[in-house]
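Reading through the structure tokens given below for one structure.
The values are calculated or read from the model by the stated rules, or taken from the named source; none is laboratory data. Please read these numbers as outputs of a predicted model, since none were measured by experiment. Please note: Cβ atoms are built from the backbone with ideal geometry, for glycine as well, and neighbour counts cover all protein chains shown.
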């Protein structure tokens with residue numbers, strides 16, 4: 001139900017416009033699913049002049065923050081997502097100088113570098129091959145890449161405890177990490 | 001151009017109906033991109049009564065077989081894909097007994113098991129969480145899972161040369177493998 005529970009927002013939240021976007025779709029359970037998230041982000045206009053996020057990207061967003069494996073998202077997770085999305089959007093926009101809604105391969109590399117990811121030309125080539133069209137990468141795919149890179153780096157670093165840049169996986173564990181993204 | 005070069009098909013191919021589907025979209029360069037593949041598979045009716053494949057799944061199909069990193073697919077790769085898709089469709093259909101176009105978690109586990117993947121309950125739970133809706137997994141997502149599982153298992157086994165069920169990755173290599181799927 002739209003705006004259910006809005007009046008009962010805990011201290012200060014009622015003034016938070018992000019809380020308004022959230023409650024408009026979250027309903028009584030206070031959780032949003034991937035299709036509700038897609039609707040919510042589209043209605044909020046967070047993508048600005050860029051195309052709204054695909055359902056696939058919204059599923060990834062839920063997965064990235066779904067620590068309790070509920071396959072849905074509460075308000076605190078939504079707020080964390082909002083901040084990440086805004087940060088990534090600003091990064092994307094700073095490289096999309098002609099406002100075409102796309103960036104080129106070398107701009108993508110610069111954007112990743114600015115986020116702290118120093119990837120080899122081989123890795124960049126694989127990413128461009130997988131996500132680009134005509135040598136350019138769109139905003140929705142850029143966002144998918146950012147979510148995946150963050151989740152994968154986090155999972156890798158948990159296993160690379162001595163910071164050698166190498167990590168060992170058991171097969172089932174490898175499948176758990178990679179099928180989740 | 002539709003049917004370009006059809007008459008010049010190498011020995012026997014002109015009689016192969018799969019070659020007809022391929023050339024109808026491949027055009028003069030003899031290669032198909034992800035959106036052409038989507039059109040081609042939809043027109044061929046390979047999904048039967050199931051919903052046509054999403055563009056995301058078609059991109060994965062191209063990636064899976066794109067050994068020359070051209071981001072497109074030639075006829076021999078297309079034929080290999082056709083056989084895999086048909087096999088997976090038959091597996092899916094054998095578990096989708098009520099012809100709802102979806103299977104449940106325990107049926108998915110049985111299907112994977114029949115394909116030789118013995119995954120833990122944790123891995124199955126992650127896969128269901130990521131790909132299912134209301135506890136059921138649709139044909140397009142099932143296909144995505146099959147493609148990813150095959151590619152990931154292949155990449156893991158290449159590094160687990162002594163078959164201990166453990167494999168080590170360098171960070172950049174890990175990103176190359178996982179961002180490709």
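Suppose the filter is modelled with pLDDT of 95 or more, surrounded by fewer than 14 Cβ atoms within 10 Å (Cβ to Cβ) and within 12 Å of chain A (Cβ to nearest Cβ); does residue B:173 pass it? I'd like the intermediate steps shown before the answer.
On the way: modelled with pLDDT of 95 or more: yes; surrounded by fewer than 14 Cβ atoms within 10 Å (Cβ to Cβ): no; within 12 Å of chain A (Cβ to nearest Cβ): yes.
In short, no.
Find the residue count for the range A:34-50, including only residues that are buried (at least 19 other Cβ atoms within 10 Å of the Cβ) and not in a helix (DSSP H, G or I).
1
Hey, among A:101, A:133, A:165, which residue is surrounded by fewer than 21 Cβ atoms within 10 Å (Cβ to Cβ), modelled with pLDDT under 95 and within 11 Å of chain B (Cβ to nearest Cβ)? Before the answer, list the steps.
Values: A:101 fails: within 11 Å of chain B (Cβ to nearest Cβ); A:165 fails: modelled with pLDDT under 95.
Unique residue meeting the criteria: A:133.
In the range B:56-74, which residue that is touching a residue at least 40 places away in the same chain (Cβ under 8 Å) and assigned to a loop (DSSP other than H, G, I, E, B) is farthest from the other protein chains (Cβ to nearest Cβ)? Walk me through how you get there before you give the answer.
Here is the first cut: in the range B:56-74, the residues touching a residue at least 40 places away in the same chain (Cβ under 8 Å) are B:56-57, B:60-61, B:63-64, B:72-74.
From what is left, the residues that are assigned to a loop (DSSP other than H, G, I, E, B) are B:72, B:74.
On the way: B:72: 10, B:74: 16 Å.
Checking each candidate, the answer is B:74.
Residues are listed down the side, and each one gets a yes or a no for (1) farther than 18 Å from residue B:145 by Cβ; (2) modelled with pLDDT of 90 or more:
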{"position": "B:4", "(1), (2)": "yes, no"}
{"position": "B:24", "(1), (2)": "yes, no"}
{"position": "B:47", "(1), (2)": "no, no"}
{"position": "B:58", "(1), (2)": "no, yes"}
{"position": "B:86", "(1), (2)": "no, yes"}
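Tell me, yes or no, whether the range A:79-97 has at least one residue that is within 30 Å of residue A:21 (Cβ to Cβ), within 14 Å of another protein chain (Cβ to nearest Cβ) and more than 13 Å from the chain's Cα centre (by Cα). Don't jump to the end; show me each part of the working.
So in the range A:79-97, the residues within 30 Å of residue A:21 (Cβ to Cβ) come out as A:79-97.
Narrowing the set further to residues that are within 14 Å of another protein chain (Cβ to nearest Cβ) leaves none.
The answer is no, given that none of the residues of the range A:79-97 is within 30 Å of residue A:21 (Cβ to Cβ), within 14 Å of another protein chain (Cβ to nearest Cβ) and more than 13 Å from the chain's Cα centre (by Cα).
Quick check on the range B:115-123. Is at least one of its residues crowded, with 18+ Cβ neighbours inside 10 Å and within 15 Å of the chain's Cα centre (by Cα)?
No; the residues of the range B:115-123 include none that is crowded, with 18+ Cβ neighbours inside 10 Å and within 15 Å of the chain's Cα centre (by Cα).
Among the listed residues B:112, B:53, which satisfies the condition of being within 14 Å of another protein chain (Cβ to nearest Cβ), closer than 28 Å to residue A:129 by Cβ and not in a helix (DSSP H, G or I)?
Values: B:112 fails: not in a helix (DSSP H, G or I).
On inspection, the qualifying residue turns out to be B:53.
State which residue pairs qualify: first residue touching a residue at least 60 places away in the same chain (Cβ under 8 Å) and inside the range A:151-165, second residue assigned to a helix (DSSP H, G or I) and crowded, with 18+ Cβ neighbours inside 10 Å in any location, beta carbons under 6 Å apart, and separation of 6 or more residues or different chains.
A:151/A:64
Going through A:128, A:115 one at a time, which residue ends up being more than 23 Å from residue B:60 (Cβ to Cβ) and modelled with pLDDT under 95? Full working, then the answer.
Working: A:128 fails: more than 23 Å from residue B:60 (Cβ to Cβ).
Selected residue: A:115, the only one of A:128, A:115 that is more than 23 Å from residue B:60 (Cβ to Cβ) and modelled with pLDDT under 95.
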